[in-house]
1. Could you please find all residues in region 279-330 being over 21 Å from Asp352 (Cβ atoms) and in contact with a His (Cβ under 9 Å, 6 or more places away or on another chain)?
2. Has region 329-336 got any residue that is without any contact (Cβ under 8 Å) to a residue 12 or more places away in the chain, out of contact with any Ser or Thr (no Cβ under 6 Å at 6 or more places or on another chain) and surrounded by fewer than 17 Cβ atoms within 10 Å (Cβ to Cβ)?
3. So, in region 285-332, of the ones that are within 22 Å of Asn234 (Cα to Cα) and of a type in the set (A, V, I, L, M), which residue ends up nearest to the chain's Cα centre (by Cα)?
4. Working only within region 230-266, note down all residues that are under 30 Å from the mean Cα position of the chain (by Cα), more than 15 Å from Val213 (Cα to Cα) and of a type in the set (D, E, K, R).
5. I'm trying to understand the selection: among the residues of region 65-120, which are farther than 13 Å from Ala132 by Cα and aromatic (Phe, Trp, Tyr)?
6. Within region 338-345, identify whether any single residue is touching an Asp or Glu at 6+ places or on another chain (Cβ under 6 Å), of a type in the set (A, V, I, L, M) and surrounded by 13 or more Cβ atoms within 10 Å (Cβ to Cβ), and answer yes or no.
7. Residues in region 200-207: is at least one at pLDDT 85 or above, of a type in the set (Gly, Ala, Ser) and surrounded by fewer than 20 Cβ atoms within 10 Å (Cβ to Cβ)?
8. Every residue in region 208-244 that is small (Gly, Ala, Ser) and more than 25 Å from Pro173 (Cβ to Cβ), please.
Amino acid sequence: MANSSIRNSGNNAKQSSAPFTSSKLTYSIFQNMNEGLVITNTYGNILNVNQAFCTITGYSAPELLGKNLNVIKSNLHDQTFYEQLWNRITTVGNWKGEIWNRHKNGRLYLQKLSIIAIRDEDDKIINYIGVATDISEEEKLRKDIIRTGILQRTLLPSTLNLQMIEIDTVFTPLKYLGGDFFDYYWDSEKSVLSGYIIDIMGHGVTAAFQNSVLRVLFQQNFDNRSTLVDVLSNINRESMNYFLEDTFAAALCFRVDMRNGLLTYACAGINKFIKMPINGQISIIKQAGPYLGIFEEPIFTEKTIAIETGESFYFMTDGFMDLFEIENPFQSIDLKKNINSLREISTYHLRDDASAIGIFLKHVGGWVK
């Protein structure tokens, strides 16, 4: 229990308190709990601790008994922090939060802490009980996950705004790391945009690792010489070793041939996308296709449709696409406005990883001077 400012008493401000007594069963539970337990008087002087609390702090019970809790103070928190903490305890009767303390060897550690005020029959506070858990390793893991999530974002392609085509995207993991991913490549010589979007079942570290594997496989297999069916078939075959028994992935591949006015696509679990003509009347384009990582020899198909200047296309993961089956969330034909709407939806309304690629066709056919 971090208490730097437990009433600022020290050992010279001792308060008498009824000795801590318990039955053998209660004492055994107290000593064998995984959480660290400490009981103090109202000045913060330690009356009893269990073994878990000694393990967390590095001190033995004899070294702690009678000492003030300031012995483990980290000096990382300011006075305002402790004032708010104790104001909460005295008015509400408890406090929960995270706090930095200092181990006997000088090491700082992060602790999840609950403090409860114990009152007598006259409603006067007579003791405090602290329940503590060292979460330093959890904090390190959380920071690693956050950093990995930041790295994952750096692998995403940059938005494009060219003479023929404009692209904007959404990438919103549910928690730091995403099971979604997308990429695209613009061939300026042929005026062809090739890309894909993938959605791994699940969330977090495992899903992020699996989509990293798929990303490498897409990069190895995706080129203008291969059909989209070949791309998905090769990736499915090579990815089987990287999926756990109960996991799989959804994907959609596309090629936008701006010079010839054609969109070719092949689906693998992400089986629909949005087409928005210049009049704003959206269509949900659907194409069947099995998931990746389930069947050894699935049958994929690709389809080609004509495209026109002024049209927009939105390739999205399931969380977004489900919305369009209920009500169109787009209120504009403007790509930026629609992508911003999806960002807001993904941040405040979806409980899932959410990704989207929005493509606006500025000039289809021929050369742009």
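1. Listed by number, the list holds a single entry, Thr309.
2. The answer is yes, given that some residue of region 329-336 is without any contact (Cβ under 8 Å) to a residue 12 or more places away in the chain, out of contact with any Ser or Thr (no Cβ under 6 Å at 6 or more places or on another chain) and surrounded by fewer than 17 Cβ atoms within 10 Å (Cβ to Cβ).
3. Leu292
4. Matches in region 230-266: Glu245, Asp246.
5. Across region 65-120, the qualifying residues are Phe81, Tyr82, Trp86.
6. Looking through region 338-345, at least one residue is touching an Asp or Glu at 6+ places or on another chain (Cβ under 6 Å), of a type in the set (A, V, I, L, M) and surrounded by 13 or more Cβ atoms within 10 Å (Cβ to Cβ).
7. No, every residue in region 200-207 fails to be at pLDDT 85 or above, of a type in the set (Gly, Ala, Ser) and surrounded by fewer than 20 Cβ atoms within 10 Å (Cβ to Cβ).
8. Correct list: Ser226, Ser233.
The values are calculated or read from the model by the stated rules, or taken from the named source; none is laboratory data. Being a predicted model, the structure only gives us computed values, none of them experimental. Counting neighbours? That spans all protein chains shown, and the Cβs are built from the backbone with ideal geometry, glycine included.
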